[in-house]
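Since the structure comes first, as structure tokens, the remarks are kept for the end.
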Amino acid sequence: MPVSVQIVESNSSLGSLLRWHLQEANYRVYLTTNIQQAKEVFVTKLPAVMVIDTDLADGSGIDLCRWVFPQNRAVIMLISHQTRESDIVKGLEAGADDYLKKPFGLGEFLARVAVLARRARRLAPPAILELPNLHIDLIQRVVKFQGKTIDLTPQEFSLLYVLAQGGGTALSRQELLRRAWDGSVKNPRTVDTHVQSLRKKLDPHLIVTVRNVGYAFNCVPNHNR
């Protein structure tokens with residue numbers, strides 16, 4: 001299975017060049033040009049490696065790196081014209097695993113991506129979650145409950161995956177918004193709406209409400225009504 005790489009680069013010529021060379025090296029590549037688009041693709045495609053320019057047209061790549069880092073879904077390379085030691089330290093402290101100064105050679109770029117890809121393989125969450133009565137395929141984005149395929153929206157799928165991966169840990173609404181949405185949604189009631197929808201489609205006991213915290217996944221739902 002090819003490693004997936006997401007490029008976030010405002011310069012379309014450079015972005016297209018990097019994408020072409022990565023595709024030639026057998027990576028699956030998603031090219032995005034701004035922060036909003038990058039967040040949407042990140043949430044839906046779950047890339048293993050992120051390549052982020054620090055200077056984006058609609059904001060700071062450092063801020064995007066800070067948003068990606070706590071989600072533990074990707075290793076991150078920052079690319080930048082900002083080459084002072086303080087700039088590099090700032091990027092690494094924001095969560096970057098590597099920092100590559102522009103301009104750079106394509107050979108060095110591909111070698112660094114290969115290192116990150118190896119790291120991502122070791123850190124990658126399971127592509128398939130098998131739980132009692134529940135099968136979640138992250139690659140095919142297929143959910144089966146009690147052997148029956150369940151039709152979920154992309155957002156319902158992301159929320160279910162985050163909850164199931166928590167293994168019963170209670171997660172706050174804000175944490176769920178951060179990890180299962182693209183960051184543009186701020187209303188915590190959005191989480192409530194999607195939880196109710198998942199309960200109707202799957203099992204009313206599969207996601208439990210944790211008072212004063214949020215929600216948790218019930219690995220063994222109680223079917224006693």
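Evaluate the following for residue 74: is it modelled with pLDDT under 90, small (Gly, Ala, Ser), under 20 Å from residue 139 (Cα atoms) and touching a strand residue (DSSP E or B) at 6+ places or on another chain (Cβ under 7 Å)? Judged against the criteria, residue 74 is a match. Working only within the stretch 8-39, note down all residues that are assigned to a strand (DSSP E or B) and not aliphatic (A, V, I, L, M). Once the filter is applied, which keeps residues that are assigned to a strand (DSSP E or B) and not aliphatic (A, V, I, L, M), the stretch 8-39 yields 28, 30, 32. From the list 43, 29, the lone residue that is outside the structural domain of residue 178 (by TED's automatic domain parsing), within 17 Å of residue 65 (Cα to Cα) and among the aliphatic types (A, V, I, L, M) is 43. Out of 73, 118, 84, 112, one residue alone is out of contact with any Gly (no Cβ under 8 Å at 6 or more places or on another chain) and closer than 20 Å to residue 165 by Cβ. It is 73. Is it the case that the stretch 14-28 has a residue that's closer than 27 Å to residue 154 by Cα, touching a Ser or Thr at 6+ places or on another chain (Cβ under 8 Å), surrounded by fewer than 19 Cβ atoms within 10 Å (Cβ to Cβ) and in contact (Cβ under 8 Å) with a residue 24 or more places away in the chain? There is at least one residue in the stretch 14-28 that is closer than 27 Å to residue 154 by Cα, touching a Ser or Thr at 6+ places or on another chain (Cβ under 8 Å), surrounded by fewer than 19 Cβ atoms within 10 Å (Cβ to Cβ) and in contact (Cβ under 8 Å) with a residue 24 or more places away in the chain. Looking at 148, 201 in this structure, which one is touching a residue at least 24 places away in the same chain (Cβ under 8 Å) and not hydroxyl-bearing (Ser, Thr, Tyr)? Matching residue, one of 148, 201: 201.
Within the stretch 85-107, is even one residue more than 19 Å from residue 44 (Cα to Cα), surrounded by fewer than 17 Cβ atoms within 10 Å (Cβ to Cβ), in contact with a strand residue (DSSP E or B) (Cβ under 7 Å, 6 or more places away or on another chain) and of a type in the set (Ser, Thr, Tyr)? There is no residue in the stretch 85-107 that is more than 19 Å from residue 44 (Cα to Cα), surrounded by fewer than 17 Cβ atoms within 10 Å (Cβ to Cβ), in contact with a strand residue (DSSP E or B) (Cβ under 7 Å, 6 or more places away or on another chain) and of a type in the set (Ser, Thr, Tyr).
The values are calculated or read from the model by the stated rules, or taken from the named source; none is laboratory data. Since the structure is predicted, the reported quantities are computational estimates derived from the model, not experimental observations. Quick reminder, even Gly has a Cβ in these numbers, built from the backbone with ideal geometry, and neighbours come from all protein chains shown.
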